[in-house]
Amino acid sequence: MSSQDSDNIELNNSFAETYPMKILVAEDNPMNQKLIQKILGKLGYEPDLVENGKAAFKAVQNSNYDVVLMDLQMPEIDGIEATKLIRDQVGEEKQPAIIALTANTTETAKQDCFAAGMVDYTAKPIKIQQLAELLRKHYPAS
């Protein structure tokens, strides 16, 4: 996707009409939860929210998500372990695209994310344009 293509993304609530997805956000920090909900809301989404990797794993088992936005550092089970559980124990028909959300932008962290089964990686703080591009990239029909 060229930068010109990304400039043409409509950043409003019709984005979710163009790219309808069920989204789960796994984030333990209340401020980050509010920020990501606000950003997704501006794009027209109403994501489900969980506070740790254990809850994310259970949510994916119990519902069909297209995308999981997964924080890496959470209590109980971190994002890497939760991703491994989802990849190992959730049926193929229910496998979502899992995108890492983290402040840790080291090459090692990125490699760990991909090795666990995540399909993409983005740094915090999340920007609306950046998130829209990731959602479009991993839209299930594409």
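Values in this text are rule-based calculations from the coordinates and carry no lab data. Just so it is clear, the model here is predicted, and its values are computed rather than measured. Please note: Cβ atoms are built from the backbone with ideal geometry, for glycine as well, and neighbour counts cover all protein chains shown.
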In which sequence would 102, 108 go, from the one with the fewest C-beta neighbours within 10 Å to the one with the most?
108, 102
For segment 12-136, the percent of all C-alpha pairs falling in each 5 Å bin, from 0 up to the bin holding the max distance, is 2, 12, 24, 26, 21, 12, 3, 0
Distance between segment 69-142 and segment 10-37 - C-alpha centres, whole angstrom
14 Å
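Cross-link list 58/84; 38/84; 54/124; 22/137; 42/94; 34/84: which exceed 19 angstrom alpha carbon to alpha carbon?
Numbers: 58/84 13 Å; 38/84 28 Å; 54/124 22 Å; 22/137 15 Å; 42/94 26 Å; 34/84 26 Å.
Correct reply: 38/84; 54/124; 42/94; 34/84.
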Hey, fewest Cβ within 10 Å first, where do 126, 80, 36 land in order?
126, 80, 36
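Let me have the relative contact order for the chain, percent, based on Cα pairs under 8 Å that are six or more residues apart.
Values: 226 pairs, mean separation 34.0, N = 142.
Worked out over the chain, it gives 24 percent.
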